[in-house]
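Working notes, structure below.
Please treat every number below as a calculation from the coordinates, not as lab data. Please read these numbers as outputs of a predicted model, since none were measured by experiment. Here the Cβ positions follow ideal geometry from the backbone for every residue, glycine too, while neighbour counts run over all protein chains shown.
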Amino acid sequence: MDRRIARTKKAIYSAFTQLLLEKKYYKITIQEIIDLANIGRSTFYSHFETKDELLKAMCTNIFEDMHSGSQSLSAADPHSMITSILYHIKENNKIIQGVFMSESSELFMHYFKGYFNSQIEEYLLVFYDESATGISKDFLINHISGSFIEMIKWWVAGNMQQTPEELTKYFISVISPAITRKNTNL
């Protein structure tokens, strides 16, 4: 990506994040984003058609960064995958808080759940034996990702007092009974 484009997008994301921390999503205008990012209207629209598209792009960047951090991890090590995601969330605390506190948090949660569903299937349920439990894999993926999202909301609302390792331990302890694995690393 061209450096100017990267710099412009960074300014837009930064302005948008700052505004999300200050006011409700539906009250944020494109003009406010443009003014705070110190860019022209045509520059904004050359990158994003709408504010919703900006939010989606910002979420996609967050998830791609999370995925690149967990890509080198083994499916046999779900602890590391979850801990890696939690560290990424902690490192992007301002952005995450801004999005979680906004009216569009449901849209963010939808994107995040889709991302986490794929991570669950790739890392947590790779050894899952549906016939041993009688629980549909789709149901379990939905249940685990919903639980993970609620845990993150709780963590962010509590100012992230627990370490990612502690949270991983809590989460694994809660979901372990629902998962029958041939591999006992969980």
query: Is there a residue being exposed (fewer than 14 other Cβ atoms within 10 Å of the Cβ) and in contact (Cβ under 8 Å) with a residue 60 or more places away in the chain anywhere in the range 97-104?
result: yes
task: Quickly run through the range 105-157 and pick out the residues that are within 18 Å of Ala57 (Cα to Cα), among the small types (Gly, Ala, Ser) and exposed (fewer than 14 other Cβ atoms within 10 Å of the Cβ).
output: Gly114
